[in-house]
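Worksheet for the structure shown next.
Bear in mind these aren't lab numbers, they're just calculated from the coordinates by the rules spelled out. Here the structure is a predicted model, which means the values were calculated and not measured. Methodologically, a virtual Cβ is constructed for each residue, glycine included, from the backbone with ideal geometry; neighbour enumeration extends over all protein chains shown.
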Amino acid sequence: MTKHDQVLVKAQNVKVHFPIHKGIFRRQVGSVKAVDGLSFEIRKGETLGLVGESGCGKSTAGRAMLRLYELTEGQLDFEGVDIAKLNPKELRSVRPRMQMIFQDPQACLNPRMTVGSIIAEPLDEHTNLSTAEKREKVKGLLDAVGMNRDYVNRYPHEFSGGQRQRIGIARALALDPDFIVCDEPIAALDVSIQAQVVNLLQDIQERMGLTYLFISHDLSMVRHIADRVAVMYLGKIVELAEKRDLYKTPKHPYTQALLSAVPVPDPEIEAKREHIVLKGDVPSPANPPKGCNFCTRCPIAIERCRTEEPELRELKKGQFVACHLAE
Amino acid sequence: MDVTDLRTVFHTQDGTVHAVNGISFYLEEGELLSVVGESGSGKSVTMMSLLKLLPMPPAEIVSGMVDFDGRDLLELEPEELRQVRGGDIGFIFQDPMTSLNPVFKVGFQIMEPLKEHLGLSEKQARKRAVELLELVGIPGAADRLNDYPHQFSGGMRQRVMIAIALACDPKILIADEPTTALDVTIQAQIIELVKKLRQKLGMAIVWITHDLGVAAGISDRIMVMYAGFVVEHAKVKDLYKRPLHPYTRALLATLPTDAEEGEDRLKSISGLPPALHEYPNSCPFAPRCEFAFDRCQKENPPLMEMGDGHQVACWWDVEKGAPR
C-alpha cells in the first residue's frame, strides 16, 4: 500500500447546527447538533471511511466537507485554503475540484434530462469547452465508468440502479476533481451490483489519483475499500484509526458493538460469536445526553461518563479514541 | 405447510411475466427457512402468492397447492382467507415506514387484528396490545399505544410491525426483508428478538432476505431463488460449506471477506436477473454463469437431490468440474 502523506482536507472542530424555531415569532428555541466538533485529516490519494448509524450525522458531515452546508463553527482547509471562509465567487473556483456521489441514484438524476446533458452539465457551468469537445468528453466519461457510448441520448429511467449510479459517478468525474465525497453510494443497490460499483470506484481512484470520503453504514464494505476509518456517533467522531487497527482491535465500546452486529456469512462462526446488542436507539441530536454521547447505550459506562465528556485522544499511533475507559 | 408447484404470472402491457415458476417447498413446525436471492428473483412474490396478497389482476396464480393444516389456501373463500391472514399466518413487510397507516394510532393498528380475529373486547385488546409491545421490547408500552407511527424510529416501527404480526399467535410468521431498511445495530436487536420469540412461542418462520450474512446466523434451512426458480435448497451448514449452484457461489463471493490485505477486487456477477416473458427452455442463469455449456442452453435443469436434503438445479457439477 502506498504512503499517503500530503494532507488534502483538514477539518478542525467543524460544527453544523440546524436551528429549531418555534412559536408564532419563530424564535429559535434550540438547535439540532448534527455535526458537533469534527476534527480529522484526509490525506491525498487515500480513502477515509466514515461509518455510523443513520441519524449520526455522517451525511451532514460529508456535505459540510464540500461546504454544501454553511459551517456553524470551525475551520475546513482544502489544500491549505480555509473554504469555510471563502466568498461565493472564490468558492465557485474551488468547487470543480470537489464532487459528490449521492446515495439514491434514482433521485439525484433529473428524469427530464438525457444522460448526455446530465453528465455535461458541470462542463457547461465550469468550462468553456465547445459543444463538440463536450460531446467527446462525455463519451470518454461513459467509457471510464464502463457504459456504452450510445447511451448519451437516453433518459435515466431507462437504466437499472447500478447503471444510474454509474451515470452519477461519470457526472462527478466530469471536471477532473481531486476529492469526491461518496455518500452511501451502494446502499440502494443489490449485493451483486454493489460489488461492481465498488470495483469501479477503486479502479477510477487508482487511475485518476482521487481522494475519497466514503460514507457508509456497511462496515464490511468500508473494510474493503477504506484505508482509514472514522466511526461517528451523534455528531462526533468516537474512533478514528487505520483500517486494520480498527477492525482488529476496536477500542471504543460503540465500535465494538457495531462490529459485533455485522453478521458473518458462515453459520458455524456465527453460532459461536458473541454479539453485543445495544439497547435502544440513538438519542436525539437536539438534546444529546450530558457527558459522553454514548453513555445512554454504553454497556460499560461508569459515573464519570455521565458527567464529563471524553476527548478524542491518541491511544496509540494513528488510533484516536474518545472514551474514558479505553486503553 | 406444504407448497407444491406454485406458479404466478403477471399480465402486463408488454406481455406475460413469469415471476414464480413451479416452486415447491415445505415448512415444518418451529423451523426457520430463509429465502435468499437478488431483487427480482421472485422471493417476495412467492410468499405473497401464498396468501393471495398480490393485486389480481395483473397477477394470476396459475397453478399450485398450498397445504396448510389440511386446507388448500389457494382454494379458500375470501372470507376464510381473511381468517388465515394475520390469524394463523403473520406477515411482516419490508418497509416499516410505509406499511403502517400514518393516520391511525399505533394502538389501534395493533388492536384491530385482535378484535377481528380473536373477538376480544376493546379493554381486553388494549391489555393484550400492551403485552405485545412489551414482548417486542418497546419501553413505556401503555403510553406509546396512543402515539402515531411517525413518532417512532425505524427500528421501533419494525417492532410494532412484528407486534402486529404476532398479535394472534400465528403458527407461521413470514418476514419479508424485515431488517433490510435498518441499521446494523438495530438489525442485531431485531434478530435477537426474533430468536427469542421463536424459542418462546415456537412458531415457524419464513425469512426473506438478500443478505447471506443474516441468513447464516438464524436459519435452519436456506432456499436460494433465481428468476422464480429454486436453484438450491439445503440445510444452512451444508449450503455455506458446500454451495453447489454457481449462483449461490457467486452470491457468496460478492461479499467482502475478512481476509485483510491482498484482496483488491470484489467478485461481481455481471448482468441482471432476467424478467421471464416466456417460460424458459434453458437455464435462466446460463447467460451470467461462468460454467454454462451447451446443455444449459437447451434444457432447464430440475431440482436434483444431492443427498441429505441438499438439492440443486444445475447441470454442472462444480465439485468435480464436469457436467452431471
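Points to keep in mind about this one:
- Taking the convex hull of Cα positions in region B:224-307, its mean projected area over all directions (nm²): 6.7
- What separates the Cα centres of region B:116-139 and region A:85-164 is a distance of 53 Å.
- Highest to lowest packing among B:281-293, B:165-177, scored as the average C-beta count within 10 Å: B:165-177, B:281-293
- Cα convex hull of chain A - mean projected area over all directions, nm²: 19.7
- Computed about the Cα centre, the dipole magnitude for the protein assembly as shown is approximately 1840 debye when only Lys and Arg (+1) and Asp and Glu (-1) carry charge, each at its Cβ.
- Helix-only [θ]222 nm of chain A, DSSP H runs n ≥ 4, -39500 (n - 2.57) each, per residue, nearest 500: -9500 deg cm²/dmol
- Residue pairs exceeding 30 angstrom between C-alpha atoms, taken from B:Lys52/B:Lys267; A:Lys139/B:Lys43; B:Lys43/B:Lys200; A:Lys236/B:Lys43; A:Lys15/A:Lys137: B:Lys52/B:Lys267; A:Lys139/B:Lys43; A:Lys236/B:Lys43; A:Lys15/A:Lys137.
- Mean Cα-pair separation over length for chain A, i.e. relative contact order, pairs under 8 Å, 6 or more apart, %: 19
- Reachable aspartates and glutamates from A:Lys316, criterion Cα separation under 20 angstrom, eight or more residues apart if same chain: A:Asp5, A:Glu41, A:Asp227, A:Glu239, A:Glu242, A:Asp245, A:Glu327
- Taking other Cβ atoms within 10 Å as a rough exposure proxy, B:Lys43, B:Lys241, B:Lys105 sort from fewest to most as B:Lys241, B:Lys105, B:Lys43.
- Average other protein chain Cβ within 10 Å of Cβ, residues A:185-194: 6
- Exercise: per-residue mean of other protein chain Cβ atoms within 10 Å, B:155-161: 1
- Per-residue 3J(HN,Hα) values for region B:301-318, derived from phi via the Karplus relation 6.51 cos²θ - 1.76 cosθ + 1.60 with θ = phi - 60°, read x, x, 6, 10, 7, 10, x, 6, x, 8, 10, 8, 10, 7, 7, 9, 8, 5 Hz in sequence order (x marks Gly and Pro).
- Estimated inter-spin distance, A:Ile300 and A:Ser93, nm [label 7 Å along Cα→Cβ]: 5.1
- Straight Cα distances below 15 angstrom link A:Lys272 to the aspartates and glutamates B:Glu192, with same-chain residues fewer than 8 positions distant left out.
- In sequence order, calculated HN-Hα J values of region B:276-288 (Karplus, 6.51, -1.76, 1.60; Hz; x Gly/Pro): 8, 8, 10, 5, x, 9, 10, 6, x, 8, 3, x, 9
- Residue order, fewest to most surrounding Cβ atoms within 10 angstrom, among A:Arg273, A:Arg166: A:Arg273, A:Arg166
- In sequence order, region A:131-143 has phi-based couplings of 4, 5, 5, 4, 4, 4, 4, 4, 5, x, 5, 4, 4 Hz under the Karplus curve 6.51 cos²θ - 1.76 cosθ + 1.60, θ = phi - 60°, and Gly or Pro positions carry x.
- Per-peptide packing, taken as the mean over residues of other Cβ atoms within 10 Å, places A:60-68, B:117-125 in the sequence A:60-68, B:117-125 from highest down.
- Dipole magnitude (debye, nearest 20) for region A:7-321, charges at Cβ of Lys, Arg, Asp, Glu: 660
- Residues B:Asp308, A:Asp266 in ascending order of nearby Cβ atoms (within 10 Å, fewest first): B:Asp308, A:Asp266.
- Hydrophobic, long helices, defined as DSSP H runs whose alpha-carbon span along the helix axis is 15 Å or greater and whose mean Kyte-Doolittle value is at least 0.0, occur in chain B at B:106-118, B:154-166, B:184-201.
- Point-to-point label distance, B:Met65-B:Arg324, nm (Cα→Cβ direction, 7 Å offset): 2.4
- For the residue pairs A:Lys279/B:Lys105; A:Lys279/B:Lys196; A:Lys10/A:Lys58; A:Lys85/A:Lys290, the alpha carbons lie more than 21 Å apart in A:Lys279/B:Lys105; A:Lys85/A:Lys290.
- Helix axis angle, A:161-173 relative to chain A longest principal axis, alpha carbon, degrees: 80
- Site pair B:Gln124 and B:Met97 shows an inter-label distance of 3.9 nm when each label is modelled 7 Å from Cα along Cα→Cβ.
- Shielding of B:200-212 by partner chains, average beta-carbon count, 10 Å: 1
- Gap separating the Cα centres of region B:161-189 and region B:69-88, nearest whole Å: 22
- Mean residue ellipticity (222 nm) of chain B, computed from DSSP H runs ≥ 4 via -39,500 (n - 2.57), nearest 500: -9000 deg cm²/dmol
- When peptides B:190-199, A:187-196 are ranked by their average number of other Cβ atoms within 10 Å per residue, the highest-first order is A:187-196, B:190-199.
- Debye intensity ratio I(q)/I(0), log10, the protein assembly as shown, q values 0.09, 0.11 Å⁻¹ (C-alpha model): -0.85, -1.25
- For region B:77-132, the alpha-carbon coordinates run over 31, 29, 19 Å along the three principal axes, in decreasing order.
- Most mobile of B:Glu77, B:Glu116, B:Glu28 in a GNM of chain B (Cα contacts under 10 Å): B:Glu77
- Computed over chain A with a Gaussian network model linking Cα atoms closer than 10 Å, the most mobile of A:Met221, A:Met98, A:Met208 is A:Met208.
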